[in-house]
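Take a look at the structure below.
The values are calculated or read from the model by the stated rules, or taken from the named source; none is laboratory data. Given the structure is predicted, the values throughout are model-derived calculations rather than measurements. Methodologically, a virtual Cβ is constructed for each residue, glycine included, from the backbone with ideal geometry; neighbour enumeration extends over all protein chains shown.
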Amino acid sequence: MVMLFSIMREILKSEDYVPVPPMMLSDPFYRMTYLIKEEIRKYKWTQGEQGRELSWEQSRLEWLEKNRAEYETFLSETLRS
């Protein structure tokens, strides 16, 4: 489990692609992390369209502060189905 959280942190740490072991690709936590990363990318893009050029770190921190709890609840309920 510690390895899983370490990989999840690495995925969100950078905007770049982070290689993961093939067995992780079907893991619900990996999929949730990947979907969160996509939402952070969208947030960064929309902020750029509004004239706010944010770094990945700024985008990630702002998005997580504003949306994390609600989005994780939504994803966990969706992934259960």
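Among the residues of region 1-50, write down those that are of a type in the set (Asp, Glu) and either more than 10 Å from the chain's Cα centre (by Cα) or farther than 15 Å from Arg68 by Cβ (or both).
Glu10, Glu15, Asp16, Asp27, Glu49 - these are the residues of region 1-50 that are of a type in the set (Asp, Glu) and either more than 10 Å from the chain's Cα centre (by Cα) or farther than 15 Å from Arg68 by Cβ (or both).
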Pull up region 51-74, narrow it to residues that are of a type in the set (A, V, I, L, M) and within 14 Å of the chain's Cα centre (by Cα), then point me to the one that is modelled with the lowest pLDDT. Ala69
Take region 6-32 and flag every residue that is assigned to a helix (DSSP H, G or I) and among the polar types (S, T, N, Q). Ser6, Ser26
Give the number of residues within region 29-74 that are among the basic types (Lys, Arg) and surrounded by 13 or more Cβ atoms within 10 Å (Cβ to Cβ). 5
Considering only region 33-60, how many residues are farther than 20 Å from Ile7 by Cβ, assigned to a helix (DSSP H, G or I) and not basic (Lys, Arg)? 8
